[in-house]
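Right, one structure below, let's go through it.
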Amino acid sequence: MAGLSCEDVAEDLDIKHLDSRYHIQHLTLGFAKFMSKYRLGERKNAFFSNMFFNNGQKLKTKKDSDPDTCLWVYPDNAPQSGLILHGVVSSYELTAKMACVAVECWLNNAFSTSYGVTAVEHLTYDTRQVLLQTLALYGVTAKPANEQNIHQADQQFGWVDSVSSDINSLRNLGLNWYTVTKQHPKMAKRQQEYLYKSQIWHALKAATNTFSFTRFVISTLLAWQRDGKRLQHWRDKHPGEYSEIWQSITRDMSMFTSGYANARKVLGKEQAYRLYREMFLATGKMEMRWLWPNPESFNMFAQKEDAILEYWLTWLRNYAKLGLFTLKESINGSQAITISITDCAYAAMFKELGCPELVNMVREMEQEALTFLASQSNLDITWNIKSDGAADITLNKAKKLQAVS
């Protein structure tokens, strides 16, 4: 506010006023106002501060807690003209990263024309761009508050991860859907939303009345149970360390096939496959956006292509250990690595349960996820999906030559 009232605000900034909104999880505005009325003294303030801090740490483990932070800055009554910062990063971390950025920019003479204590909005456009570029190296990015980004900030998971240049700081390193310790608290709700908003759901509702749709649901539940029993021999193959994981794997597979097979009876094979695939890939895309880090997270690494490869290969190798596919790796010189995926258990189970057209959908989902993960790097990815869930994948670190127009 004080900075905006000064006369020397940069001319290219069109901010006249600031508004504010209040929201802290599990702390109501009324209670915050009540506490602010009292001057309790140093000892009591310390007591209550400690109490609130400890309770706040406990609240992080609540089932409905939301780990994402959303900072939305915009001119009064014009949210579409602002910026959104969205992700798993606290205001303390953001402040610390901004301090690091300021020091780096100063060491690189970015402030050579600025003297004294200066608010960011007083800096020139070029200097602010240097700040933004340096912040990006810490995994922090700003996006314009257009309609698409506003929707994503409200509906999807955060854009910003709290990371360092250590590979172990990246979210869910080496983990997959069956080994991750705690899913995002919004995940189950998101999965439900994707189902109810999908075209296949609407097509099924349109093709049935209340009675026949109820019969469809009951039939699907019975088929889910039946298909689960048919996959018992897969569970028997993994009685030890991965026994519980294979319970989950076969439960998921029988859920997919029971729902799809019944939809196929109602809608016909062509429409059912097209709409089911669309829903499956859209839901998988949303889930993988949370499981894996954002592409910006790798900007912290001096060799981001190597970091992406290490992250992805760690995930792939641990996934293969569960017995879901056979993995072969070969290194082609210093720039490329080739991956071969064969003996896909997903594909085998889909075929066994009478849904052979679904055998390659998991590979399709993984292809989209890796392409997005490497989207801000120079990795060149060739992904060749073959029959029965097999795939040959080549990742090349060499920069692609750009055609001169």
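The values are calculated or read from the model by the stated rules, or taken from the named source; none is laboratory data. This structure is a prediction, so every number in the text was calculated from the model and none was measured. Glycine gets a Cβ as well: all are built from the backbone with ideal geometry, and neighbour counts include every protein chain shown. Areas reflect the complete protein model, heavy atoms only, side chains present, ligands, DNA and RNA absent. Shrake-Rupley method; radii C 1.70, N 1.55, O 1.52, S 1.80 Å.
Observations
- Cross-link reach list, aspartates and glutamates versus Lys328, counting only Cα pairs under 15 Å and skipping chain neighbours closer than eight places: Asp343, Asp392
- Rolling a 1.4 angstrom probe over the chain with all protein chains present gives an accessible area of which 55% lies on carbon and sulfur atoms.
- Overall form of the range 144-275: oblate. Here a/c, set by the Cα gyration tensor axes a ≥ b ≥ c, is 1.5 or more, and a/b is not larger than b/c.
- Descending by average beta-carbon neighbour count within 10 Å, the peptides 46-52, 249-255 line up as 249-255, 46-52, the highest first.
- Helix axis angle, 269-291 relative to the chain longest principal axis, alpha carbon, degrees: 40 degrees
- Cross-link reach list, aspartates and glutamates versus Lys197, counting only Cα pairs under 15 Å and skipping chain neighbours closer than eight places: Glu278
- With Cα atoms, 0 to 90° folded angle of helix 91-107 axis to the chain main axis: 60 degrees
- Normalising the average separation of contacting C-alpha pairs (under 8 angstrom, six or more residues apart) by the number of residues puts the relative contact order of the chain at 14 percent.
- Listed pairs Lys205/Lys237; Lys97/Lys186; Lys182/Lys304; Lys33/Lys143 exceeding 30 Å between Cα atoms: Lys205/Lys237; Lys33/Lys143
- Which labelled figure in [x] 20.9, 70; [y] 44.8, 151; [z] 25.6, 76 is Rg and Dmax of the Cα atoms in Å, once derived from the coordinates: [z]
- Dipole in debye (nearest 20) - the range 302-348, about Cα centre, beta carbon charges: Lys, Arg +1; Asp, Glu -1: 120 debye
- Cut-off 13 Å between beta-carbons: net charge of the residues surrounding Thr179, Lys and Arg +1, Asp and Glu -1: +1
- Surface accessible to a 1.4 Å probe, per residue, for the residues of the chain, Å²: 59 Å²
- Sorted peptide list for 373-379, 204-210, 336-342, criterion being average Cβ within 10 angstrom, highest first: 373-379, 336-342, 204-210
- Normalising the average separation of contacting C-alpha pairs (under 8 angstrom, six or more residues apart) by the number of residues puts the relative contact order of the range 60-177 at 32 percent.
- Angle of helix 361-373 to the longest C-alpha principal axis of the chain, folded into 0 to 90 degrees and rounded to 10: 20°.
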